[in-house]
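To keep things clear, I will list the structure first and then write my remarks on it.
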Amino acid sequence: DALLGFVQSIADRLDDEPVVEGYPSPEHLRKQRLRKDIIIRGATKFNEKPKAGIAFLVSQGIISDPDDPNAIAEFVKGTTRVDKKVLGEFISKRDNEPILKAFMKLFDFRGLRLDEALRLLLHSFRLPGESALIERIITDFSDEYYNAAQPEEIANKDAIFVLTYAVIMLNTDQH
């Protein structure tokens, strides 16, 4: 009976004018779907080879300027299809230091304890295996955290660096 009632309500509404107010137009939805497909392809290319992925996204108009670290950082942080391991290795390279700085600025560390801020950061990517690359990330994190959170109980940026590195090493030893 319920199924027949549902089918009957559909049949009754067939002659009514469709309600489109408040909904996006079909053309807008097509453009949005095309953009999503391009982003998915670009993220896949980024996961295989980051520079090639960025070049593809620039050619398709998703990233406005390949020399703008903010545009690249916003894309990699805001796209869930980007591989976290590839992202960690990409932002930690010396050539990509402006992108790393722009990436750190996308986080809001105000009002967070150090461990909460570190958890928030490390939720978005995986740390690389080399200690020099980890050090580069932790240095920028320490600067950004100290400037944003301004913790009273921590003396300076160097103390944040040591504490953060110690937390990471303790976590590594635990696992």
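The values are calculated or read from the model by the stated rules, or taken from the named source; none is laboratory data. These numbers were taken from a predicted model, which means no experiment stands behind them. All Cβ positions, glycine included, derive from the backbone under ideal geometry; neighbour counts span all protein chains shown. Please note that ligands, DNA and RNA were not included when accessible areas were found on the heavy atoms of the full protein model with its side chains. Shrake-Rupley method; radii C 1.70, N 1.55, O 1.52, S 1.80 Å.
All conditions but one from (1) closer than 20 Å to residue 35 by Cβ; (2) open to solvent by 20 Å² or more (accessible area, probe 1.4 Å) apply to residue 72; the one that does not is (2). Could you give every pair whose Cβ atoms fall below 6 Å, whose first residue belongs to the stretch 43-54 and is free of Cβ contacts under 8 Å to residues at least 24 places away in the same chain and under 15 Å from residue 84 (Cβ atoms), and whose second residue is open to solvent by 50 Å² or more (accessible area, probe 1.4 Å) and aromatic (Phe, Trp, Tyr), counting only separations of at least 6 or pairs across chains? Listed pairs, sorted by first residue: none to list.
Table: residues versus (1) open to solvent by less than 80 Å² (accessible area, probe 1.4 Å); (2) within 24 Å of residue 135 (Cβ to Cβ); (3) of a type in the set (Lys, Arg); (4) more than 20 Å from the chain's Cα centre (by Cα).
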| position | (1), (2), (3), (4) |
| --- | --- |
| 10 | yes, no, no, yes |
| 20 | no, no, no, yes |
| 35 | no, no, yes, no |
| 64 | no, no, no, no |
| 78 | yes, no, no, no |
| 81 | no, no, yes, no |
| 103 | yes, yes, no, no |
| 109 | yes, yes, no, no |
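Taken as a whole, the structure places residue 51 among residues that are under 29 Å from residue 129 (Cβ atoms) and surrounded by fewer than 17 Cβ atoms within 10 Å (Cβ to Cβ). The sole residue among 45, 93 that is basic (Lys, Arg) and modelled with pLDDT under 95 is 93. Contact map, the stretch 159-174: first residue on the phi < 0 side of the Ramachandran plot, second residue of a type in the set (Gly, Ala, Ser) and open to solvent by 40 Å² or more (accessible area, probe 1.4 Å), Cβ cut-off under 6 Å, separation 6 or more or different chains; the map is empty. Scan 92, 25 and give me the residue that is of a type in the set (S, T, N, Q), more than 20 Å from the chain's Cα centre (by Cα) and open to solvent by less than 70 Å² (accessible area, probe 1.4 Å). Step by step, each of 92, 25 is checked, and only 25 is of a type in the set (S, T, N, Q), more than 20 Å from the chain's Cα centre (by Cα) and open to solvent by less than 70 Å² (accessible area, probe 1.4 Å).
The requirement of being at positive phi and either in contact with a strand residue (DSSP E or B) (Cβ under 6 Å, 6 or more places away or on another chain) or not in a helix (DSSP H, G or I) (or both) is fulfilled nowhere in the stretch 123-141; no residue meets it. Any residue that is in contact (Cβ under 8 Å) with a residue 24 or more places away in the chain and among the hydroxyl-bearing types (Ser, Thr, Tyr) - is there at least one of those in the stretch 67-86? Yes - at least one qualifying residue is present in the stretch 67-86.
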